[in-house]
Amino acid sequence: LDIAWIDGWVMFATAFGGFGLGWVADRVGRRPAMVWSILIYSVGTVATGFADGYWTLLAARVFTAIGVGGEWGIGHALVAETYPSHLRGRAAGILQAGTPAAIALAAAFGCFCSPEIGWRACFMLAGLPAVLVFFARRAVPDTSDLRSKEPGSFVELARGEYLYRSLALWVLVAVHLAAFWSSYSW
């Protein structure tokens, strides 16, 4: 029953993070809001590894969920704002498709690593996406400066000016989902 309450609060906090950090992204920009969401998520995940009871576990998971909700919403907004209109659906689909891959990574991580290093260490390692903040500050586009561009082909996402953005966003989302589902599904 305790875990069910924690899961319920986590789902609520994820929605709260999406709305709250989405609001921040609209006011200060997508890039700073993305950086903050990654930091919030990572700090909460590491704090989970230090939880010593119900209330500290609840607080750590709720804090994590706020960052996750913000990152998810901001990531979708960035895809919608940075990809040409005829490629946005595919780019959003790729973003969503990361979830099953992350679940598989989480299952493998939980099965093989947790028995060796312990559940606390797994959560602490899942906080490593904080390192992505240094890259996100440069790689995540500042969408307030984007000009209207001619739509291109899907192949253009893998070359030219879209390559760096595409790779940065896809890696960021893949690592996030892998770390999130590793710690969440455990």
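The values are calculated or read from the model by the stated rules, or taken from the named source; none is laboratory data. None of these values were measured; they are calculated from a predicted model. FYI the Cβ positions are ideal-geometry reconstructions off the backbone, even for glycines, and counts take in every protein chain you see. Accessible surface areas use protein heavy atoms only, side chains included; no ligands, DNA or RNA. Shrake-Rupley method; radii C 1.70, N 1.55, O 1.52, S 1.80 Å.
Before rounding to the nearest 500, sum -39500 (n - 2.57) across all DSSP H runs of length at least 4 in the chain and divide by the residue total; then give [θ] at 222 nm in deg cm²/dmol.
On the way: 8 runs with 145 residues, N = 186.
Counting only the DSSP helices, I get -26500 deg cm²/dmol.
When Glu71, Glu116, Glu81 are compared by accessible area of protein heavy atoms, the largest-first order is Glu116, Glu81, Glu71, using a 1.4 Å probe.
Working from Cα pairs under 8 Å separated by at least six residues, relative contact order for the chain is 29 percent.
Membrane-span-like helices of the chain, defined as complete DSSP H segments with a Cα extent of 30 Å or more along the helix axis and a mean Kyte hydropathy of at least 0.0, are identified as 2-28, 54-82, 88-112, 161-185.
Ligands, DNA and RNA left out, the accessible area of region 1-157 computed with a 1.4 Å probe is 70% carbon and sulfur.
Heavy-atom accessible surface of Arg159, to the nearest 10 Å², is about 130 Å², with a 1.4 Å probe and all protein chains retained. Computed over protein heavy atoms with a 1.4 angstrom probe, the accessible surface ordering of Arg88, Arg30, largest first, is Arg88, Arg30.
For chymotrypsin sites (Phe, Trp or Tyr not before Pro), the sites in region 5-109 that DSSP calls loop and that have at most 15 other Cβ atoms within 10 Å are Phe50. The 1.4 Å probe gives accessible areas that order Thr143, Thr56, largest first, as Thr56, Thr143. Within the full protein context, the accessible area of Val131 is estimated at about 80 Å² for a probe radius of 1.4 Å.
Apply the a/c threshold of 1.5 to the C-alpha gyration tensor of the chain and tell me whether it is rounded, prolate or oblate. It would help to have the intermediate numbers written out before the result.
Values: a/c = 2.27, a/b = 1.72, b/c = 1.32.
In terms of gyration-tensor shape, prolate.
Net charge within 12 Å of Ser37 by Cβ-Cβ distance, Lys/Arg positive one each and Asp/Glu negative one each, not counting Ser37 itself? List each step's numbers first, then the result.
Numbers: positive: Arg30, Arg31; negative: Glu71.
Around Ser37, the charge tally is +1.
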